[in-house]
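Have a look at the structure below, then the notes.
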Amino acid sequence: QVQLVESGGRRVQPGGSLRLSCTASKNIGTITSMGWYRQAPGKQRELVASITTGRSTNYADFVEGRFTISRDNAKNAVYLQMNSLKPEDTAVYFCRTIAAGYIHWGQGTQVTVSS
């Protein structure tokens with residue numbers, strides 16, 4: 001069974017930083033794209049950032065240079081370094097991979113930005 005395991009979400013004060021991690025199980029197959037999405041209460045899930053095997057990256061406009069996505073192909077892992085966090089970044093953050101023609105989602109990790 002393919003699994004994506006996320007970690008790193010927690011409560012942080014505005015202006016703070018967090019690093020989210022996601023590791024895919026080894027049986028996932030060849031991964032072509034990895035990314036992070038988020039969903040705030042009452043809102044649709046939206047792309048935060050994605051990265052290809054060749055490390056080409058794509059960021060949502062709201063990131064505004066505050067977040068950095070990276071990956072470790074050997075570990076089937078993707079990371080999201082988030083700096084200068086704002087209250088509006090509060091959401092459940094989901095890891096997503098595309099591998100062997102299939103899309104896989106993690107269960108999500110809660111990020112709360114509040115004082």
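The values are calculated or read from the model by the stated rules, or taken from the named source; none is laboratory data. This structure is a prediction, so every number in the text was calculated from the model and none was measured. All Cβ positions, glycine included, derive from the backbone under ideal geometry; neighbour counts span all protein chains shown. For accessibility, only protein heavy atoms count, side chains too; no ligands or nucleic acids. Shrake-Rupley method; radii C 1.70, N 1.55, O 1.52, S 1.80 Å.
Out of the total accessible area of the chain (probe 1.4 Å, heavy atoms of protein only), what percent is carbon and sulfur?
47 percent
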Q. Non-local amide H neighbours of Gln3 (under 5 Å, H modeled in plane, Pro and chain starts lacking H): which ones?
A. Ser25
Q: Taking a cut-off of 19 Å between Cα atoms, list the aspartates and glutamates near Lys75, but don't count ones fewer than 8 places away on the same chain.
A: Glu6
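Can you work out the accessible area per residue across the chain, with the rest of the protein chains kept in place, probe 1.4 Å, in square angstrom? Walk me through the numbers on the way to the answer.
On the way: 6210 Å² over 115 residues.
Here the residues of the chain average 54 Å² of exposed surface.
Run through the stretch 30-109 and list the GluC sites (Glu not before Pro) located in a DSSP loop whose Cβ has at most 12 other Cβ atoms within 10 Å. Present the calculation step by step, with values, prior to reporting the outcome.
Numbers: sites: Glu46, Glu64, Glu88; in loops: Glu64.
When the GluC sites (Glu not before Pro) of the stretch 30-109 are filtered for loop state and at most 12 Cβ neighbours within 10 Å, Glu64 remain.
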Q | Cα-projected label distance for Ser25 with Val5, points at 7 Å along beta-carbon direction, nm | A | 1.1 nm
